[in-house]
Structures are given as C-alpha cells and as structure tokens.
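The values are calculated or read from the model by the stated rules, or taken from the named source; none is laboratory data. These figures come from a predicted structure and were not determined experimentally. Every residue, glycine among them, receives a Cβ derived from its backbone with ideal geometry; neighbour counts consider all protein chains shown. With ligands, DNA and RNA removed, areas are computed over all heavy atoms of the protein, side chains included. Shrake-Rupley method; radii C 1.70, N 1.55, O 1.52, S 1.80 Å.
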Amino acid sequence: MTVKACIFDFDGTLADSMWVWTEIGNRFLEKYQIPHYQGFSEELALLGFEAGSRTFVERWNMPVTPAQLVEEWQNQAKESYATNVWLKPCAEQYLRELKEQGVKIAVATAQQRLTLDLALRNEGVYDLFDVTLVCDECTSTGKATPAVYVTAAKMLGESPDDCVVFEDVLGPAKQAHAGGFRVVGVYDESPAQDHQALAAEADRFIRSYQELLGTSAQDLLP
C-alpha cells in the first residue's frame, strides 16, 4: 500500500466540535418533549442533518417537516462553527506536513456545507484541502455506508487502497473499512466515543496528532 491521500472526518476528528452536536441534540429533545435518548448526538453525527431529520421526523411522528428541522439545526450551528470551533492540537501542523510530502488531503463529513466552510475558513485552513465533501452532496444515508469516502477518493483521483481515512466514531470507521480503506482512529473526549472498540476496529489509533508530527505518511500504518 502507498499512502497517496488522507481523508479526514471533521467533527471529533480534526476539530473539537462534538459539543455542538450535543447542544443541538439537547435543545431538540427538550423542545419537542422527546424522552432523553443517550445516543442521539452520535446518531445525528452518523446520519447528518438531511438523513437525520427524515429519520427523526418519522420515528417520533413530529409536527415539523425534515426541511424545517434541518433549517432549525443549521441556524443553531452557524454561530458556533463560525467562531467557536477549533482544530485539535497539532492538527493543522500535521495537515501542512502531509501537503509538504505531496499527500492529497480531503474532508468527508456528515456536517452541512455551510457550517463546514465557516469552520475551515475561521481556522484559515480551507485552502489546504484538495477536496471538501459533505454527505448530503453524494448520499442520502450519511455515514451509514462507505459512499462519502468512495466519492472523496474518486474526487481525489485515488483508489481506496491508497487512501487512509481518519475517524473518531466506530460506525463510520467500520464503513470506511467496508469501502476498502485503511483507518486511523482518533481519540475524542466525547462520551459518545467507545475508545476501546474504535481502537480495536482501526488499523491504528492515536490520542493526538502530535504522535504523527515529523513522520512520513507512508509510516501511518504497518
């Protein structure tokens, strides 16, 4: 295997931002008087706003349309992603090192296009990426299938076996493997992350990007 490209999830992987999804989930459950559902934030992060809204409106027979729910969530997220979401320590430096090595880099996320672009521009890293892709642009199932990773690889002009996917959530990591990618699991403090299960699933598990500084992309995986 030659590592020609790295595909990064955004929330919880590149950025300390899972708290935004938790806040959206808590407000949503309270507003619509839905009994506390512990896995809501993780499921929303997996499905994304479009697929998530359809799923939850049908599940709970809600008095709103999926489009109205997406608009509500997006309005809540915009300010946070534009001003208060930051990359994880050493993440930007590692991205720049990959670029210096000639490795292509992409973001593939279940987040919305608007909020993703706001966050990347706020951090000054938007132009680093060869490809930025959100699930809603290529699939109706969020990260419940490998579609977003496969599409990102095609846009990068590389095959899955020459790409490494960085993920912080077990479900998407499994889907990346199912699509033929190697996977680096990234530690996140979110209570939704099952660290042990992710470490067991991933080809490599890191607690910080500092572990990767000064290394070759070709050494990412055994």
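Observations on the structure shown:
- When residues of segment 162-174 are limited to those that are open to solvent by 10 Å² or more (accessible area, probe 1.4 Å) and modelled with pLDDT of 95 or more, the one farthest from PHE49 (Cα to Cα): ASP162
- Members of segment 82-96 found to be open to solvent by less than 70 Å² (accessible area, probe 1.4 Å), more than 26 Å from VAL150 (Cβ to Cβ) and modelled with pLDDT of 95 or more, listed by number: CYS90, GLU92
- Checklist (1) outside any loop (DSSP other than H, G, I, E, B); (2) open to solvent by 60 Å² or more (accessible area, probe 1.4 Å); (3) modelled with pLDDT of 95 or more applied to VAL148, failing item: (2)
- Count - residues of segment 1-37 that are farther than 21 Å from ALA77 by Cβ, part of a loop (DSSP other than H, G, I, E, B) and either aliphatic (A, V, I, L, M) or out of contact with any helix residue (DSSP H, G or I) (no Cβ under 7 Å at 6 or more places or on another chain) (or both): 4
- For segment 77-113, the set of residues classified as in a helix (DSSP H, G or I) and within 17 Å of ASP136 (Cβ to Cβ) consists of ALA77, LYS78, TYR81, ARG113, listed by residue number.
- Where ARG27 falls short, out of the listed (1) among the basic types (Lys, Arg); (2) under 20 Å from ALA192 (Cα atoms); (3) touching a Cys at 6+ places or on another chain (Cβ under 9 Å): (3)
- Picking from residues in segment 25-53 that are in contact (Cβ under 8 Å) with a residue 40 or more places away in the chain and more than 16 Å from the chain's Cα centre (by Cα), the one that is farthest from CYS135 (Cα to Cα) is ARG27.
- Within segment 138-164, the set of residues being out of contact with any Cys (no Cβ under 8 Å at 6 or more places or on another chain) and closer than 24 Å to GLN196 by Cα comprises ALA144, THR145, PRO146.
- Segment 114-144: number of residues that are without any contact (Cβ under 8 Å) to a residue 12 or more places away in the chain and either open to solvent by less than 30 Å² (accessible area, probe 1.4 Å) or more than 28 Å from PRO89 (Cβ to Cβ) (or both): 0
- Across segment 175-222, the qualifying residues are those that are modelled with pLDDT of 95 or more, assigned to a loop (DSSP other than H, G, I, E, B) and in contact with a helix residue (DSSP H, G or I) (Cβ under 7 Å, 6 or more places away or on another chain), and the one among them that is nearest to ALA45 (Cα to Cα) is TYR187.
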